[in-house]
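Written out below as structure tokens is the structure these notes cover.
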Amino acid sequence: MPSSVSDNEEENTFMVSAAHDIVEMITARTSHTGGTLDLSESLDNLGLDSMEVVSLIFDIEEKFNIQIPLNANMDIESKTLADLIQAVDRLVAAKVKSN
């Protein structure tokens, strides 16, 4: 039983660091000068143009060694910061479980 608690703690710690890293990647690309980012803001409202969003997605994929499926019908720029973090969290969790 103790090992499952440890595994859960490690997974939760990883998820927090994933969100933190994503926020850092976004703030590095925008003129956001501090404070907190609103998780309900769309990526384009955070100041990311379409090329910056593509670059961000590539960097996230590389950082977490995941593939973010981009459906041609999905407008990633209109997705919120929370949507992006949740998608990355799900992909990372699925990858961890498969290993």
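The values are calculated or read from the model by the stated rules, or taken from the named source; none is laboratory data. Just so we're clear, the structure is a prediction, and the values are computed from it rather than from any experiment. Please note: Cβ atoms are built from the backbone with ideal geometry, for glycine as well, and neighbour counts cover all protein chains shown.
In segment 37-46 there is no residue that is at pLDDT below 80 and farther than 22 Å from LYS63 by Cβ.
Restricting segment 60-82 to residues that are out of contact with any strand residue (DSSP E or B) (no Cβ under 7 Å at 6 or more places or on another chain) and surrounded by 16 or more Cβ atoms within 10 Å (Cβ to Cβ) leaves a set whose member that is modelled with the lowest pLDDT is ILE76.
Condition check: out of contact with any strand residue (DSSP E or B) (no Cβ under 6 Å at 6 or more places or on another chain), under 19 Å from ARG90 (Cα atoms), assigned to a loop (DSSP other than H, G, I, E, B) and modelled with pLDDT under 80. Does ASN8 satisfy that?
Numbers: out of contact with any strand residue (DSSP E or B) (no Cβ under 6 Å at 6 or more places or on another chain): yes; under 19 Å from ARG90 (Cα atoms): yes; assigned to a loop (DSSP other than H, G, I, E, B): no; modelled with pLDDT under 80: yes.
When the stated conditions are applied, ASN8 does not pass them.
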